[in-house]
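Comments concern the structure below.
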2 protein chains.
Amino acid sequence: MTDINTDGMVVTENMDLSGSDRPFDLSTYLSQKKELVEAALDAAIAVTYPEKIYESMRYSLMAGGKRLRPILCLATCELLGGTVEMAMPTACALEMIHTMSLIHDDLPAMDNDDYRRGKLTNHKVYGEDIAILAGDGLLSYAFEFVATQTQGVPPERVLQVIGRLGRAVGATGLVGGQVVDLASEGLSDISEETLTFIHTHKTGALLEACVVCGAILAGANETDLERLSRYAKNIGLAFQIVDDILDITVPSSELGKTAGKDLEAQKATYPSLWGLEKSRAKAQQLVEEAKAELQAFGNGGCALAAIADFITYRSH
Amino acid sequence: MTDINTDGMVVTENMDLSGSDRPFDLSTYLSQKKELVEAALDAAIAVTYPEKIYESMRYSLMAGGKRLRPILCLATCELLGGTVEMAMPTACALEMIHTMSLIHDDLPAMDNDDYRRGKLTNHKVYGEDIAILAGDGLLSYAFEFVATQTQGVPPERVLQVIGRLGRAVGATGLVGGQVVDLASEGLSDISEETLTFIHTHKTGALLEACVVCGAILAGANETDLERLSRYAKNIGLAFQIVDDILDITVPSSELGKTAGKDLEAQKATYPSLWGLEKSRAKAQQLVEEAKAELQAFGNGGCALAAIADFITYRSH
C-alpha cells in the first residue's frame, strides 16, 4: 500500500476502502498544512514590551520543525467532519507546549543541549533565566490561547480539550516522562517497562493529545475517540523508537541537533535494548497497528495513515 | 473603621452601610478559609509513580503561607452570590500558579534563593531539574484542574477564567514582570514607571486574577468586574510595597525567607525610591482607594475590606 518514490515522497494509496485511484500526496498535504500552522503561530505572538521575552518565545516557536503535532490535530478534526478553523487554536497550543518542553529539556540542569533544529538552543541565546520564563510563558499562553481563541466549538468541548492538554503536559504526561528519563540516565539496566513509561509519557502523551483533542473538537463519539487514541499511542511509540534510531545513525549536520547525545549520556534507548534491526521492525509493526485503527474511517483516514507511514520512513 | 486589637487581630467594623454591630473577625475568617483551601490542595495532588515529582510539587504547594490568593478568589465569588464550591478549583489553581512562580523564581538562574517560608527552596531539596519540572507540572495542572474540576458553573465562564489565568501568568503578566525585574537588577536609576510595571505584572496581575476570576465564576456584570478589578490592582500594588518594606525591616527569622535580599541584589524597591515613610503612606492610600471600590457592595464587602487592611497592617 505504501511506497517511497524517487523524490523521497511517501505515496500512500487511498487504502483498501477507497473508491478513488488518486494516490494521497502526503508531501503536498504536509507542506500546505505546515504553512497554515506557521502563519497562525506567527500571528499568535506579537513582540511588545518587554521585547526580550516575546523574542525568546518566538525564537524557539518559529524555529521550524515539521509541525507534526499541530498537523495531527488538524487532520483528526477534519477526518471527523470538523474544520481547520475549529482546531487551529488547539493545534497552535500543542506546538507551544511542545516548544516549551524542548526549551526546558535543553537547559543545563536537564539535557544541557547547545543546538536544536540546527540553531543555538534558547538559553544559549537568551540566557537560562529568560529560557525558563519563555517556557513558562509559552505553557500558560497555550491554555489561554485555546480558551480565548477557539471559535465554533461548544464550550464544553473546549474545556475537555484543556483538560486533556493539561494531563498530557503535567506529571501525568510529559513532565512525568522527563522525570523518569532523568532518573534513568547513566543506569545500564533499564527495563523495557521503564523505557516504555518514559516514552509513552515524554513523547506519547502529547502526540496522543494532538489526535484526541482534534477528535474532541469535532465532536467524536466514544468509540472513535478510543480508536484514534490507540492510533496515536502506536505512532507515538513508533515515533520515539525512530528518534532513538536517528540519534545513532544520522550525523549531527543532517539531524539539526547534536547526534550521539543519547549514547554519550548513557541514556537507555530502544536500539540499546533491542538492537537496530528489532527496533526498526517494532516501529514498523506499531505503525501497521496504528493504520489498522483507521480502517473504520474509510478513505478519510488517508492523511493519518500517510503520517503513520511517514514516521517509519524517517528511519530508513 | 479599622483597629488592631491586642491579639494583633484586625477588626474591621461592618463598614458604614452595615446594619449590624457585629465586628467582622478577619482572623477567624482567614483561618477557616485557609483550612478549606489546604484541604482542597492536599486532596488535589496524590503521590504516585514517579513519586519524586509529585513529592516535589507537594513540598512547595503544602509549605504553608497565608493562602491569600485562593482566599481572595473565594471571598469575591461569595460576595457576588456564588459559593465556595464553585470557586475552589480556581482558588487551588491560583495557589498552584503562585507556587510555580516561587519555585522558578528561586532557581539559581533567577533569584538564587536558598530559603522560602522558612524551608529550603524546592531546588535545594530536589535539584534544579526536578524544581523546573515541578513548576511546569503545577502550571499545567492548574489549568487542567480548573477545566476538569469546576462544578455548577456555565462552561463559558470557566473558559473566561482560564483565559484570565493564562494572561495573569504569561508574558503579559507574571512572566513579563519577572523579565523586567531581572533586567533591572543592579541598575541604580530605575524609574517609578519601570518599578510599577514590574510589580503590577509580577505580583499585581495574579492578585487581580484572584478577584476577577472569583467574580466571573459568580456571574458578575461588567460594572462589578471593573470595580473589583480596581480594588485588586490597588491591593496588589500595596501588597508589593509592603513586601519591599518587610524585606528591609524584618529579620530573616521572622520573615521565613532571607531578608535584605533586595538590598543585597541592588534591586529597585519602593523604599529605595521613596524612602520608608512615603512607601508606608502610599500603601495606606492604595488600600483606602481599594476599600472605596467596595462601597457599592454594602455589608458583603466586609471580607475584602478587611483583607485590604490586613495587607497594610503587615507593614507595621
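The values are calculated or read from the model by the stated rules, or taken from the named source; none is laboratory data. Because the structure is predicted, anything quoted here is derived from the model rather than measured. Using ideal geometry, Cβ is built from the backbone for each residue, glycine included, and neighbour counts are taken over all protein chains shown.
The conditions of being outside any loop (DSSP other than H, G, I, E, B) and under 15 Å from the mean Cα position of the chain (by Cα) are met by residue B:94. Residue-level check: of (1) within 10 Å of chain B (Cβ to nearest Cβ); (2) assigned to a helix (DSSP H, G or I), residue A:103 misses just (1). Summed over region A:103-115, residues that are under 18 Å from the mean Cα position of the chain (by Cα) and surrounded by fewer than 23 Cβ atoms within 10 Å (Cβ to Cβ) total 1.
Rundown of residues vs (1) over 12 Å from residue B:307 (Cα atoms); (2) loosely packed, with under 11 Cβ neighbours inside 10 Å; (3) modelled with pLDDT of 50 or more, yes/no style:
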residue: B:1; (1), (2), (3): yes, no, no
residue: B:26; (1), (2), (3): no, no, yes
residue: B:37; (1), (2), (3): yes, no, yes
residue: B:44; (1), (2), (3): yes, no, yes
residue: B:48; (1), (2), (3): yes, no, yes
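Going by the conditions given, is residue A:86 surrounded by 24 or more Cβ atoms within 10 Å (Cβ to Cβ) and under 23 Å from residue A:30 (Cα atoms)? Answer is no for this residue.
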